[in-house]
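K.L.:
One structure is given below, represented as structure tokens, and several questions about it will come after.
Just so it is clear, none of the values below were taken in a lab; they were calculated from the coordinates. In this text, all values refer to a predicted model and were calculated from it rather than measured experimentally. So basically every Cβ, Gly included, is an ideal-geometry build from the backbone, and we count neighbours across all protein chains shown.
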Amino acid sequence: MRVIIVGAGEVGFHLAERLSLESQDVVIIEMDPERAERASDVLDVMTIVGNGASIPILEQAGIRNASMLLAVTSKDEVNLISCLAATRMGVDYTIARISNPDYYTRGSVLSRERLGIDLMINPEREAAREAFQLLQTAAATDVANFAHGQVQLIGLRVNENAPVAGKSVARLAAELKGFLFVLVAIVRGEETIIPTGASKVEAGDHIFVLAPSTEVAAIPPLAGYEPFKLERVMIAGGTSEGLFLAETLEKHNIQCTVLDRDRRRCLELAEALPKSLVLNGDATDTELLEMEGVAGLDGYVAATGHDETNLLSALVAKSVGARKVISLIEKFDYLPLVTKVG
């Protein structure tokens with residue numbers, strides 16, 4: 001299957017890498033010659049330097065033989081035009097990365113349905129939604145929804161003296177009869193285990209459990225975690241992700257504090273978030289975090305526009321006692337560092 005990806009940034013590069021590993025026929029269109037060259041050197045894909053919204057460039061990429069187009073540049077307008085052109089030129093499925101809510105609000109003249117685009121994805125809103133799900137429990141390291149939210153996959157580490165520690169999957173199934181769950185994976189050190197009935201769950205294991213959303217709350221206590229109620233959260237960074245998350249917290253009546261070092265952005269946030277406290281300050285300032293009571297927070301989310309600041313800020317928040325810490329990371333190269341630094 002020929003797949004055309006418009007944009008070779010972090011998102012486009014990662015998509016091309018995954019699809020090429022699946023032996024798909026991938027073509028990348030990228031305006032920046034350096035990014036295009038990097039993709040061409042590292043990946044088994046065809047790269048074209050040019051504007052993905054240009055008809056001649058799309059023709060050069062073999063658009064009429066493509067089954068799918070993924071427009072994932074940082075510019076909404078380029079992504080929209082690329083998908084519109086692809087649809088008119090016979091591409092079966094189009095996906096656009098869209099950050100501006102005005103483009104995908106249901107009923108808008110520019111909504112997905114009216115434009116004929118199969119799927120619009122807002123990475124910033126998706127990141128905020130996932131952060132909110134992770135904040136719901138002190139235990140979860142990963143949360144994924146299936147079947148329109150009716151089923152959830154939750155990842156968490158097994159604590160010492162947890163009720164499930166030292167027991168086989170078969171024994172757990174017998175003891176937890178009536179509780180609907182599937183233990184889909186156990187990560188122990190560098191090894192990922194697909195469990196059988198004889199597999200044992202040990203303290204320190206990173207387990208992944210699939211269960212109905214209505215029963216997910218019962219999983220953390222089995223792994224040795226105390227009951228958790230989300231009441232106070234601090235967000236470091238007034239980015240789109242930070243704003244979307246703060247709006248979600250306000251809707252659920254959760255006390256929220258937003259910290260940003262840009263005074264002008266703070267004024268904008270204060271106007272957009274009537275129920276939240278907005279502070280002007282540095283997210284890596286230990287004294288400021290301690291003064292604002294980070295040690296007593298249920299959740300701390302580092303969502304500035306810089307990965308390095310987010311990692312450092314998250315470490316500072318963790319060191320002063322925040323209960324649950326989440327960091328926004330955009331560079332895939334940094335992901336292995338996350339677990340190593342705690």
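K.L.:
How large is the convex hull of the Cα atoms of segment 91-222 per residue, expressed in Å³ as a whole number?
P.N.:
Working: hull volume 20.1 nm³, N = 132.
Value for segment 91-222: 152 Å³ per residue.
K.L.:
Can you give me the span-like helices of the chain, meaning DSSP H runs with 15 Å or more of Cα extent along the axis and Kyte-Doolittle mean at or above 0.0? Please list the in-between numbers first.
P.N.:
Numbers: long enough: 10-21 (17 Å, 0.36); 76-88 (18 Å, 0.45); 123-135 (18 Å, -0.68); 240-251 (17 Å, -0.03); 307-319 (18 Å, 0.19).
Passing helices, by number: 10-21, 76-88, 307-319.
K.L.:
Of Ile193, Phe244, Gly321, whose Cα points farthest to the positive end of the dipole of the chain (charges on the beta-carbon: +1 Lys, Arg; -1 Asp, Glu; origin at the Cα centre)?
P.N.:
Working it through, the farthest residue towards the positive pole turns out to be Ile193.
K.L.:
A further question on this structure: For segment 1-78 and segment 266-342, compute the distance between their C-alpha centroids and round to whole Å.
P.N.:
If you average the Cα positions of each part, the centres end up 34 Å apart.
K.L.:
In addition: Using 0.36 nm times the number of residues separating Gln255 and Ser99, minus their current alpha carbon distance, what extension gain do you get?
P.N.:
Working: separation 156, 0.36 × 156 = 56.16 nm, distance 2.61 nm.
Gain in length upon complete extension: 53.6 nm.
K.L.:
Over the chain, what is the mean sequence separation of C-alpha contacts under 8 Å (at least six apart), divided by residue count, expressed as relative contact order in percent? Write down the numbers at each step before the final one.
P.N.:
Details: 683 pairs, mean separation 35.2, N = 342.
Relative contact order here is 10 percent.
K.L.:
Determine which lysines satisfy two conditions relative to Lys318: a Cα distance under 22 Å, and not lying fewer than 8 residues away in the same chain.
P.N.:
Lys229, Lys331, Lys340
K.L.:
Right, next: First measure r as the distance between the Cβ atoms of Gln60 and Ala218, then evaluate 1/(1 + (r/R0)^6) with R0 = 41 Å and state the FRET efficiency to the nearest 0.05. Can you show the working numbers first?
P.N.:
Values: r = 55 Å, r/R0 = 1.35.
The formula returns an efficiency of 0.15 here.
K.L.:
How large is the charge dipole for segment 215-308, taken about the Cα centre, if only the Cβ atoms of Lys, Arg (+1) and Asp, Glu (-1) carry charge, to the nearest 20 debye?
P.N.:
Values: 8 positive and 18 negative charges, 63 e Å.
With only Lys, Arg, Asp and Glu charged at Cβ, the dipole is about 300 debye.
K.L.:
By DSSP, what percent of the beta bridges with both residues in segment 172-287 are antiparallel, rounded to the nearest 5? List each step's numbers first, then the result.
P.N.:
Details: 8 of 17 bridges.
Expressed as a percentage, antiparallel bridges in segment 172-287 total about 45.
K.L.:
Please give the charge dipole size of segment 146-252, origin at the Cα centre, charges +1 on K and R Cβ atoms and -1 on D and E Cβ atoms. Round to the nearest 20 debye. Walk me through the numbers before you get to the answer.
P.N.:
Details: 9 positive and 12 negative charges, 67 e Å.
Dipole about the Cα centre, nearest 20: 320 debye.
K.L.:
Among DSSP beta bridges whose residues both lie in the chain, state the antiparallel percentage, nearest 5. Present the calculation step by step, with values, prior to reporting the outcome.
P.N.:
On the way: 22 of 58 bridges.
Looking only at bridges with both residues in the chain, the antiparallel portion is about 40 percent.
K.L.:
While we're on this one: Run the dipole for the chain about the Cα centre, Lys and Arg Cβ at +1, Asp and Glu Cβ at -1, nothing else charged, and hand back the magnitude in debye, nearest 20.
P.N.:
Its charge dipole is roughly 960 debye.
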